[in-house]
1. Could you look at region 128-173 and say what percent of its accessible area is carbon and sulfur, using a 1.4 Å probe and all protein chains?
2. Per the helix-only calculation at 222 nm, which mean residue ellipticity applies to the chain, given -39500 (n - 2.57) for every DSSP H run of n ≥ 4 and division by its residues, nearest 500 deg cm²/dmol?
3. What are the semi-axes of the equivalent ellipsoid for region 137-252, taken as the square roots of 5 times the Cα gyration tensor eigenvalues, largest first, in whole Å?
4. To one decimal place, what Kirkwood hydrodynamic radius in Å is obtained for region 209-254 from all pairs of distinct Cα atoms?
5. What are the semi-axes of the equivalent ellipsoid of region 178-322, taken as the square roots of 5 times the eigenvalues of the Cα gyration tensor, listed largest first and rounded to whole Å?
6. For the chain, what is the Kirkwood hydrodynamic radius in Å, using each pair of distinct C-alpha atoms?
7. Sequence neighbours fewer than 8 away in the same chain don't count; with that in mind, list the lysines whose C-alpha is under 16 Å from K208.
8. Counting C-alpha atoms alone, how compact is region 278-322: give Rg to one decimal and Dmax as a whole number, in angstrom.
Amino acid sequence: MRGKAWMLTAVALTGLGLAQIRADGSSTVYPITQAVAEEFTARNPNIRVVVAFSGTGGGFKKFCRGETDIQNASRPIRPEELEVCQENGIQFIELPVAYDALTVIVNPKNTWAACLKTSELKAIWEPGSKIQRWSQIRQGWPNQPLRLYGAGADSGTFDYFTEAIMGKAKAIRTDYQPTEDDNVTIKGVAGDTYAMGFLGYAYYEENKDKVKAVAIDHGKGCVLPSRETVLDGTYQPLSRPLFIYVNVKSLDRPEVQAFVDFYLSPAARRAIRSTGYVELPSEAYRIAQELVKRRKTGTFFMELPAGTPLSKFIQELDKELR
């Protein structure tokens, strides 16, 4: 019965005219929420779901001011963001919706950098890095300029990449092209033989004819990002959970309750899969549904270590109901 609650609620909305739901935040999670919104509005044409992206950090600023109903996040909320939400009386429910394989990309003409060690990634991207040419990474690689593209400072992808690779969030060299729009990174790397970038897996999947993924060696050999390597926990340390945060007050509006119920229902799985991200096990969505039902607020994953395997994440999620 619970799985179809969104359908029953949607019927009750038919006399309301056009209702609107506002979502913002992560550009990584944007394709998921947008795909789910399209499925939902096809069934509920009297509801408009407006999905934007200003980065996880930029989105939390709006969310904690009460300007949005749903916050897309590619990392858990940070203490300073939580403090602003609390100051403004914004209570929320933290809901995992998918898993991502943060992906390092190069140009298809790049025939040498098929795999990079995490130590090499750190040397490339760390603050004050002296690496300016490919030949400085490994002997025998081209003596050509290395041009870098990646997420901007308001992005959860930026925070997660720096924490996972450098060991400290926001620690990164400054001479790269930052952006909150992952399509800019795709365009930059696709147009430059000697470029490198990092972004969410879905953007790589959508553009794999234009860019190439780099395998990552975290000490146990080279592993490419994929649904399988995320599920079996071998793609480390760049596997990460993706979230939506829902304003509890917004759930008092039937259209928001209906959308969140749909988001967590089996009916939305096809939309999540269509983005290229890894859907969670059914148990995770069942737990999330229960969190919404109980209105269980607050963050449970703020201290989640970067690179937490999916299996461990599910164990931690299960504790939320206890």
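The values are calculated or read from the model by the stated rules, or taken from the named source; none is laboratory data. As the structure is a prediction and not an experimental result, all values here were calculated from the model. Note that each Cβ is placed from the backbone with ideal geometry, even for glycine, and that neighbours are counted across all protein chains shown. Ligands, DNA and RNA are excluded from the accessible area calculation, which covers all protein heavy atoms including side chains. Shrake-Rupley method; radii C 1.70, N 1.55, O 1.52, S 1.80 Å.
1. Values: 890 of 2040 Å².
Result for region 128-173: 44 percent of the exposed heavy-atom area is carbon or sulfur.
2. One gets -10500 deg cm²/dmol as the mean residue ellipticity at 222 nm.
3. Semi-axis lengths for region 137-252 are 26, 19, 15 Å.
4. 13.4
5. In descending order the semi-axes read 31, 19, 14 Å.
6. 20.1
7. K109, K187
8. Computed over the Cα atoms of region 278-322, radius of gyration and Dmax are 10.7, 29 Å.
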